[in-house]
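First up is the structure itself, then whatever we jot down about it.
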Amino acid sequence: MNLRTFSYFKAALFVLCLLPLARAVWIVASGGAVNPIEFVTRSTGTWTLSFLLITLAMTPLRRLTGRPEPLRLRRMLGLYAFFYACLHFTTYIWLDQFFDLAAIVRDIAKRPFVTVGFAAFVLLIPLAATSTDRMMRRLKRNWGRLHRLVYPIAILGVLHYWWLVKKDLTQPALFAAALAVLLGMRLWWRRRRRSA
Ligand code: HEM
């Protein structure tokens with residue numbers, strides 16, 4: 001793909017990534033959600049996890065296709081994961097907890113699924129803050145080390161989902177399976193590289 005076509009593709013993808021937000025706004029505004037707060041919390045949570053996994057899929061996709069484009073999209077997709085995480089967290093502290101700091105701290109300490117979700121969110125902050133080219137150059141090799149945090153973050157995200165679901169575990173199990181494949185591929189390639 002030449003550079004011009006790629007920049008059109010990236011711009012189209014940028015807009016496409018905003019569709020989950022537009023859809024949620026549309027559904028809530030048109031009265032299509034029985035419980036709007038729960039709906040927005042769940043929708044933004046699902047998209048945070050989805051974007052995390054899509055971001056993690058870029059390196060295997062690069063290896064499997066031999067094309068450079070997936071890696072050039074990785075930063076934008078990762079920042080979208082952070083964007084949806086911010087919306088998710090904001091919904092929680094604003095519409096769910098009404099900015100009651102003491103209640104938020106209590107909830108984070110008391111409910112394990114909130115604890116791990118919060119941990120994942122906090123760990124995402126340094127990744128988003130160091131996503132610029134300048135930070136990449138400044139941190140040198142440490143940038144790669146720091147950004148390996150994305151693996152525990154994704155694991156915590158899946159655990160958060162797994163623990164909050166009370167009955168049907170199908171959806172979190174699908175996310176867990178996708179994450180296991182993505183991490184498994186990386187481990188397999190690393191082993192092969194070491195034994196070569
Ligand atoms: C990277 C960080 C996070 C990810 C990937 C994530 C992901 C998710 C997912 C997938 C859901 C379930 C959506 C569904 O039911 O379809 C969810 C729900 C929820 N999350 Fe998160 N979350 C994160 C951070 C947080 C944080 C920081 C908080 C609050 C401190 C939080 C609080 C909640 C709550 C209250 C629910 C709804 C639970 C319910 O419906 O009973 N999450 N999240």
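Calculate the length of the line joining the C-alpha centroid of segment 160-196 to that of segment 69-109, in whole Å.
Cα centroid of segment 160-196 versus Cα centroid of segment 69-109: 22 Å apart.
Where does the chain land at 222 nm, in deg cm²/dmol rounded to the nearest 500, when only DSSP H runs of n ≥ 4 count, each adding -39500 (n - 2.57), divided by all residues? Intermediate results must be reported in sequence, preceding the final value.
Numbers: 10 runs with 160 residues, N = 196.
The per-residue figure over the chain is -27000 deg cm²/dmol.
So if the hydrodynamic radius of segment 3-195 is defined as the Kirkwood radius over C-alpha pairs, what does Stokes-Einstein give as its diffusion coefficient at 4 °C and 1.567 mPa s, in µm² per second?
In µm²/s, the coefficient is 71.
If you average 1/r across every pair of different Cα atoms in segment 102-154 and take the reciprocal, what Kirkwood value do you get, in Å? Walk me through the numbers on the way to the answer.
On the way: mean 1/r = 0.0810 Å⁻¹.
Computed over Cα pairs of segment 102-154, the Kirkwood hydrodynamic radius comes out at 12.3 Å.
All of the numbers you see were taken from the coordinates with simple rules; none came from a lab. It should be emphasised that the depicted structure is a prediction, and the values quoted were computed from it without experimental measurement.
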